[in-house]
1. Since residue 216 meets every condition but one in (1) β-branched (Val, Ile, Thr); (2) at pLDDT 90 or above; (3) surrounded by 16 or more Cβ atoms within 10 Å (Cβ to Cβ); (4) outside any loop (DSSP other than H, G, I, E, B), which condition does it not meet?
2. Looking at segment 59-170, what helices (runs of 4 or more DSSP H) fall wholly within it and have at least 2 residues that are surrounded by 13 or more Cβ atoms within 10 Å (Cβ to Cβ) and at pLDDT below 60?
3. Search segment 180-213 for residues being more than 24 Å from residue 100 (Cβ to Cβ) and among the charged types (D, E, K, R), and hand back the single one that is surrounded by the fewest Cβ atoms within 10 Å (Cβ to Cβ).
Amino acid sequence: MHKSHSPVLAVAGEVNDTRAANQQNPPYDSRSVEEDLELLTRLRDGDERAFVTLVGRYHDSMLRVARTYVPNAAVAEEVVQDAWLGVVRGLGRFEGRSSFKTWLFRILVNRARSAGVREHRSVPMGSAESAVEASRFDGGGSWISPPEHWSDRVDDRLQADKLADRIRSTLNELPSGQREVVTLHDVEGLSSQEVRDVLKISDVNQRVLLHRGRSTLRRMLEVEYGDV
């Protein structure tokens, strides 16, 4: 990729201010969908500010997702830039059958997967073993003693932030399928339908990968922090 000619880098300075206002991902509701469609209309009409706004809204999330596929941050940045180029070039093909966010992350995941292969990253397949001991479930498959959300058990804000950082790093240790689903669903806030559309997987597969990913994370964190 020739970065010096990238329209993404050309507006990078302006994007920084916009990104600062989007540090926490808001719920992707109907209002967000409508706002994205309005921005796309403006972008098709040549409004560069619309592009700046879109990049500011999604760039950080895209970097987090891309980073789970490739070995370092520099390659992740290239993947994200390539994805934005794909958006600009593919505007005429976007028909609105899915949300812009779903379409954007589908482009990103495709680029990231290809980059991961090029970088010769070895990604282990998911294990068929249960991530949590069977004794913790009843005969119907429900928790005997439902685990509390980690944020409900951590009162100190600094400790909570430390644990959140550990969760993010532990995500990278998950098998690829689990990591994809947990990152998109639990970290970036995509709905189950959006995750299925982005990854092109079935409802059953999405639910299994999400459950295994979450329980594997919990098991890893319990080893380090105890009963979180």
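1. Condition (2) is where residue 216 drops out.
2. Values: elements: 73-89, 100-118, 150-153.
Per the criteria, 150-153.
3. So in segment 180-213, the residues more than 24 Å from residue 100 (Cβ to Cβ) come out as 204-205, 207-209, 211-213.
Among the residues that remain, those that are also among the charged types (D, E, K, R) are: 207, 212.
Numbers: 207: 14, 212: 23.
Across segment 180-213, the extreme among qualifying residues is 207.
The values are calculated or read from the model by the stated rules, or taken from the named source; none is laboratory data. Small disclaimer: the values here were computed from a predicted structure and weren't measured. A quick note on method: Cβ atoms are made from the backbone with ideal geometry, for glycine too, and the neighbour counts reach across all protein chains shown.
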